[in-house]
Amino acid sequence: MTLGTKESIEMFGDINLTLGLLNKEDNVNKEEIYSHLTSVIQNTDILDDAIVHQLIYYASKDMRDNNILREIRMLAGEVLVSLAAHDFNSVMYEVQNNFRILELPNEFVVLALAELAISYVSQSIPFMTMTLLTMQTMLRLAEDERMKGTFCIALEKFSKAIYKYVNHWRDFPYPRLDANRLSDKIFMLFRYIMEKWAPLASPMQTLSIVKAHGPTVSLLLHREDFCEYALGQVPWLLNQYKDKEIDFHVTQSLKQILTAAVLYDIGLPRSLRRSIFINLLQQICRAPEPPVKENEMEASSCFLILAQSTPAELMEFFDEQIRSNNEAIRMGILTLLRSAVNAEEPRLRNHIISIERTVKIVMSDLSTKVRNSILLLIQSMCEKSYIEAREGWPLIEYIFSQLVTSSRNLEKRVKTNFLENEKEEESVRETSLEVLKTLDPLVIGMPQLLWPKILTFVVPAEYTEALDHLFSIIRILIMAEERKNYSAKESTALVISTGAVKLPSPQQLLARLLVISMLAGLGELRGIGAIGLLKILPEIIHPKLVDLWKTRLPEFLQPLEGKNISIVLWETMLLQLLKESLWKINDTAWTIQLSRDFKQQMGSYSNTSIEKKFLWKALGTTLACCQDSDFVNSQIKEFLTAPNQLGDQRQGITSILGYCAENHLDIVLKVLKTFQNQENFFMNRCKSLISGKKSLTKTDVMVIYGAVALHAPKKQLLTRLNQDIVSQVLFLYGQCSQVLGMSVMNKDMDLQMSFARSITEIAIAVQDAEDQEFKFSSKEMLIGYMLDFIRDEPLDSLASPVRWKALIAIRYLSKLKPQLSLLDHLNILEENIRSLLPLPSLENLKSEGQTDKDKEHIQFLYERSMDALGKLLKTMMWDNTDEEGCQEMFNLLRMWVVSPKEWERERAFQITAKVLTNDVEAPENFQIGSLLGLLAPHSCDTLPTIRQAAASSAIGLFHIRGIQLEVERLQRLQEGLESDDEQVQIKISSKIAKIVSKFIPNEEILMFLEETLDGLESLNHTCTKACGIWMITVLKEQGAALEDQLLEILSTIYHHMPVLRQKEESFQFTLEAVSQIASFHMDTVVVNLLQKPLPFDRDTRTLWKALAEKPASSGKLLRALIDKLETELEDDIARVEAISVACAMYEVISLGTSITHSYPKLFTLLLKLVSCTLGQKMPTSPQSLRRRVMQQGEQQQIPDPCRLSTATLRCLQAQAMREGLAKESDEGDNLWTLLSSPSTHHIGACSLARSMAVWQHGVILDIMGQLLSSLTSSSENYRITGTAFFSELMKEPILWKHGSLQDVLILMDQSAWDSNATLRQMAIRGLGNSASGAPHKVKKHKQLMLESIIRGLYHLARTEVVCESLKALKKILGLLTDRDVSFYFKEIVLQTRTFFEDEQDDVRLTAIFLFEDLASLTGRRWKIFFAEEIKKSLISFLLHLWDPNPKIGVACRDVLIVCIPFLGLQELYGVLDHLLDQDLPRARDFYRLFCMKLAKKNQEILWILHTHSYTFFTSSWEIIRSAAVKLTDAIILNLTSQYMELLDREQLTTRLQALRQDPCISVQRAAEAALQTLLRRCKETSILL
């Protein structure tokens, strides 16, 4: 089943369920049901016919049911209309069936018919005639207002449907019907409604009629016979403009009528048109309250239709109406005109002049709204080319005039605090600018309109705001003209012609454009536009400039592309262009006029603007280029006597005379001197106070002298410096410092500032002269003046710029000859540093300011002062060619760099950054290591400014040494230091360290480390962390090259450790540093640390652990220690160095260092060390004789070498278990006690071997290979260790398979004959274990092995050897046949029997086991012999059934079962079975039963048992003595009379009597019972005791 079929089934099921709900008389949920049905029907393509018919039935029924809510009936009607999409005829039939002639229908039936007509026009038209006829009979019956409204709605929709058919009948699928019949019916319905209902209609009914009016009249207009009647109904419609609620529908109907009139080309009567104009304009221009937006939009659409049909009458109407002073009407008409222009109606384009004249009528209107509307209309007219060249210029002028007007109004309001309508005025200004911005000067007719008149707006200051767009317009016009000329291949360049408009002169244009070009240096579009205009206007400015500017101006534009040009450089370039241009023109009159135009434009800019400052300099430059000396002289005099015309008199006159001095130094100095001599400054000051016009003072003249020196030709300057300039400055300063002819301490800040400025400019001028022979004689005196200024400044505030200016002066003076001594430099610097750095924090300084402006000023002074001090220090430091001198000067800042006050640190670092950055040339041997260690950690200081400066300083140090770094990457990292997140700071500092550390000179690493270690001791938390990171990073990058300095570095670190231990984090960094060094020079570090005396102190242990903590170096460290230990143990002797290595290994391994790859080597070496130190005392060494301070009550601890070695091995094994290389020992922790004791060492070694992870056969094979040499070692202890270890490994088949145990087997066989019993024991064990590991090898070497093992049975002095031999024989014999052991069988049996009564349980047990195994190897040859031996041994087996060791009892039971067949006593199996019971039988009962059975079978064996029982009466084990007596009792009980006679009764009685006195009660009782049995048997056999 497809997905679509599934969905259909679900949908039909849903509809069926809905039908069931509709069938119920429940009206509550029907609203929801019908809403759901509408959605389902509209979204379903196919519905079952039966379902459709049912739905039609229910929907029609509910739609007509008056008892149902109106909302539900309406929804039912919607469902019915929706069903028409599936079965239109059925729906129409249902509706028509309820729409009968002369019967007033249900309201919703009419609505359904109307909705069907509009929704299904094509299907409805054939039914329309009948519907309209029927409806015509009903109108007279309608009395209810709602019903009348319903018929109006039906008329509206029927008219729309018929209108659509009339105009688009070709698109319908059936033959054309007679539309006139339909319109006839509509006409009759409409006429009835208009005549009968309309005059008396209520507002609601009127709204229904208005809605139907438009569609109905529009339909009737297509009939000539109805046209007059239809148009006659339009006035009624216009009269309905009364209420906002209905106005929109009136306009909408009117729009439909106008559209139909245009469609059918019907001319409206003039009176009707005018009525329509007036009514529509009122809809747009409602004065009391704004029109409804929708209505306004519809009315505008109506006007567009009228503009299309009757443009001339419409423009005439607009011209008439706009002459009224009504703001709303003017705005409405202007808006309508703009809409019409934007619509680009072709017929309206013939009335452009009319539109322009209409606009001109209202251009004098002061209303902001009207002005704004005019501007917007002009904008549209310009865009759509609706401006005529002859009449359009006033419109362009209007744009600029409105910009000026609005700006003035806004400025006036700000000054008067009158802000009413400010937003509207601002809107006019913005609109003016927007119009200019969007103005396309290349639209048809615009070039002729704009050029050249547009130039008139360039020079006047009031149009400055529009210059951006103005320059763009002019540039586009000129470039378009150039392209046209280029295409025409002839010169038709634009020429400025005089006319009705007064155009600016070339000098005025140049002056204006050059000053505005200054703004390009700030990236302002206005300035860029100005320089762009200069590039294309050279012919207009002066023909001689074409070639020059063609070459030079492209060069000017290149720096601007980067947008980072220095404003000073840009100013210099512009002034140079001005000079070159004036030289090229070479016209004195032209130059004079330019200077006058510059002066004339002084009032166009504010005194503080960059344009004004440039204007002064440009004027001075123009005068410098003027060849008329008289004119220049007169101008200078004029400026000196009337400086107020320049704005800021000091700045203005200083700039002008300074730049003028470039070519007229003699004239300037002469005029200055004359002015100085002639002027009475005191009188001038009094006059200025009276007149309000300022005049120059002595202080002003002093400043002028400095500017003149700065700009004077260098060749002329030095000859006139002392006499004509410096002396005059000092003379003026001296006069200003006198009161009544007496010199006093002058606190005049302006005087001090001016003096400092003048001296600074003089010093700069001398420096620029670059005369190496010239010595400035006033240098020291002037520096003294400046230092006095600084000393006089308070240390608790920063209110004046004197300190700043004095620092600048000192800096420039210090560069001049004669050179100051190093001591002088240091004194000057220290005094200046102490005058600034101890100031209170910037926040506290700013708190002294009363206003925000004061605070900003203090901040400005603070920043400038710090900058000046930094530059001074930089100058003095790097002008010194001595490296030590540079370091001494920098040391002046050290105490401030680490100051506890963060604001002092901040200042110190700002200065440091200034000193160490920006193209510094340091002495060749200048060392940066120590400074880097001091500065770099502060990249994580508390303030972002400190962090930034520290990073810059650190990077700058490398640039000083000529080292090129990754500048862009470092800059990005520095920006990140703004973050307050400590983690981010540390991360960035670390990255910087990683980049730069590789460039630190190798020989300066030690100094760097010393400085960072000092920082670890004293700096704050984050700086300490940064210290550590920088130290570690440097060691990472350069550690490999530190071999020559290694011992000194380690010594330095050890020296700091006691102090750093008090700071945990710093101490950790120290440990990491040692680890880092070790990663490159592990052997050296290891040797150095191993020289520490034993036992290691806390620091040494911590260092070992630190080295081991690094995964990257732990393996290397372990290898170094392994190599060292291997070297120390080469001769199998343990010295103190070897023990030191073991102690170090303990610290390393205890941290969990991975031993996977080094485990075999480590294990064998440490096992060897344990073996070699068994029983030793600590070897002495020179280091161990050091003095140690003992705590009260503490005893001297004498370390045990073997204990230390064993502890390390134990630690190794623990780690091996964690890594799966070994397993837990069966001895547990006791293993290490066994291993470290000489007496149990071999046992511990065996247990250690058993703890090896055999599955790691590769590891075991490595251990075996390295431990093989132990079997032949000269050290007996080591041979024992190796043999014991191998003895356990011999039983592992996998090791035989992969290893070389064949050689071990041979060596063990040799050791089995050694004189050392322990060694023999371990060798024999190994031989025995080989039976499990390599059975084939045992068979191959059986003779060799048997001889060695059997020999062990004769080592009676050491039962361990005997026991081991018995065990080995048992293992080996299990692999051999009777033929293999035939030669040794008798010897083995006899030797084995000797150990049945051994005191050692293990020996007895093993002997019994072995004897049991021998039974299977008897063969024919030894069967009788073995049976005899069984008879001899039977007593032992029977008695030891109750051995103190239960295992021996079980073994005796098993051996009896095996041996009985040899005696032919199979009948005894039944007796022996009792021993298999869970509860063992009593010994007495068992023995009696056993002897009874035995007696019946073989009295001889019973007698043999008796003869051997005496021996056990004296056994050391009570239970054996008791068993022996009980067995004797059973034997006597079952002996025949024959054997009773052979019984030595006397001896037996004596022994039993003696046993009655045994300390064991059980023995006593058994003896008593045996005596009684003996007596009874004797009586029975008539034998006397």
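The values are calculated or read from the model by the stated rules, or taken from the named source; none is laboratory data. Remember, it's a predicted structure, so these values are computed and weren't measured experimentally. We place every Cβ from the backbone using ideal geometry, glycine too, and count neighbours over all the protein chains shown. We work out accessible area using only protein heavy atoms, side chains counted, and drop any ligands, DNA or RNA first. Shrake-Rupley method; radii C 1.70, N 1.55, O 1.52, S 1.80 Å.
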- Members of region 356-375 found to be over 60 Å from the mean Cα position of the chain (by Cα) and open to solvent by 20 Å² or more (accessible area, probe 1.4 Å), listed by number: ARG357, LYS360, ILE361, MET363, SER364, ASP365
- Scanning region 642-682 residue by residue, those among the small types (Gly, Ala, Ser), touching a Gly at 6+ places or on another chain (Cβ under 9 Å) and at pLDDT below 85 turn out to be GLY647
- Task: Tell me which residues, restricted to region 1208-1233, are of a type outside the set (A, V, I, L, M) and either under 22 Å from ARG1101 (Cβ atoms) or in contact (Cβ under 8 Å) with a residue 60 or more places away in the chain (or both).
- Result: THR1208, ARG1210, CYS1211, GLN1213, GLN1215, ARG1218, GLU1219, TRP1232
- Item | Looking only at region 530-558, and only at residues there that are more than 21 Å from THR464 (Cβ to Cβ) and basic (Lys, Arg), the one that is farthest from the chain's Cα centre (by Cα) | LYS544
- What pairs can you find where one residue is in region 823-842 and under 14 Å from PRO794 (Cα atoms), the other is open to solvent by 10 Å² or more (accessible area, probe 1.4 Å) and in a helix (DSSP H, G or I), and their Cβ atoms are less than 6 Å apart, with a gap of 6+ or different chains? LEU837/TRP896; LEU837/GLU904
- Query: Quick one: which of SER997, SER1066, SER1075 is under 25 Å from GLU1137 (Cβ atoms) and either outside any helix (DSSP H, G or I) or not aromatic (Phe, Trp, Tyr) (or both)?
  - Reply: SER1075
- Out of curiosity, is GLU1397 among the acidic types (Asp, Glu) and either part of a helix (DSSP H, G or I) or surrounded by 20 or more Cβ atoms within 10 Å (Cβ to Cβ) (or both)? no
- Picked from region 1328-1339 (must be part of a helix (DSSP H, G or I) and closer than 15 Å to MET1308 by Cβ), the residue most open to solvent (accessible area, probe 1.4 Å) is SER1332
- Query: Of the numbered conditions (1) in contact (Cβ under 8 Å) with a residue 24 or more places away in the chain; (2) assigned to a helix (DSSP H, G or I); (3) open to solvent by 10 Å² or more (accessible area, probe 1.4 Å), PRO1095 satisfies every one except a single condition; which is it?
  - Reply: (2)
- Message: Yes or no: region 1496-1503 includes at least one residue that is at pLDDT 85 or above and not polar (S, T, N, Q).
- Response: yes
- Message: List pairs: first residue in region 1153-1180 and assigned to a helix (DSSP H, G or I), second residue modelled with pLDDT of 80 or more and of a type in the set (Phe, Trp, Tyr) anywhere in the structure, Cβ distance under 8 angstrom, at least six positions apart or on different chains.
- Response: LEU1167/PHE1285; LYS1168/TYR1278; SER1171/TYR1278; CYS1172/TYR1278
- Where ILE1294 falls short, out of the listed (1) among the hydrophobic types (A, V, I, L, M, F, W, C); (2) under 28 Å from ARG1379 (Cα atoms); (3) assigned to a helix (DSSP H, G or I): (2)
- Note on the structure: Checked LEU1369, LEU1376, LEU1410 against criteria (assigned to a loop (DSSP other than H, G, I, E, B) and under 15 Å from GLY1328 (Cα atoms)); the one match is LEU1376
- Message: Of everything in region 574-604, what is in a loop (DSSP other than H, G, I, E, B) and either of a type in the set (Asp, Glu) or in contact with a Ser or Thr (Cβ under 8 Å, 6 or more places away or on another chain) (or both)? Give them in sequence order.
- Response: ASP587
- Does LYS901 satisfy being surrounded by fewer than 16 Cβ atoms within 10 Å (Cβ to Cβ) and within 39 Å of the chain's Cα centre (by Cα)? yes
- Query: Would you pick out the residues in region 1400-1411 that are at pLDDT 80 or above and open to solvent by less than 70 Å² (accessible area, probe 1.4 Å)?
  - Reply: ASP1401, ASP1402, VAL1403, ARG1404, LEU1405, THR1406, ALA1407, ILE1408, PHE1409, PHE1411
- State whether the residues of region 1229-1245 include one that is outside any helix (DSSP H, G or I), crowded, with 18+ Cβ neighbours inside 10 Å and among the polar types (S, T, N, Q). no
- region 23-98: helices (runs of 4 or more DSSP H) wholly inside it with 3 or more residues that are modelled with pLDDT of 75 or more and under 21 Å from VAL121 (Cβ atoms) are 70-83, 88-97
- Query: Which one is modelled with the highest pLDDT among residues in region 593-611 that are among the aliphatic types (A, V, I, L, M) and open to solvent by less than 20 Å² (accessible area, probe 1.4 Å)?
  - Reply: LEU594
- Listed residues SER208, SER159; which is open to solvent by 10 Å² or more (accessible area, probe 1.4 Å) and touching a residue at least 60 places away in the same chain (Cβ under 8 Å)? SER208
- Unique residue being at pLDDT below 80 and crowded, with 19+ Cβ neighbours inside 10 Å when the list is LEU1107, LEU1071, LEU1019: LEU1107
- Query: Could we say that LEU1344 is modelled with pLDDT of 80 or more and open to solvent by 10 Å² or more (accessible area, probe 1.4 Å) here?
  - Reply: no
- Any residue in region 594-609 that's in contact (Cβ under 8 Å) with a residue 40 or more places away in the chain and among the aliphatic types (A, V, I, L, M): show its pairings with residues that are in a loop (DSSP other than H, G, I, E, B) and surrounded by 16 or more Cβ atoms within 10 Å (Cβ to Cβ) at Cβ separation under 7 Å, as long as the two are six or more apart or on different chains. MET602/GLY647
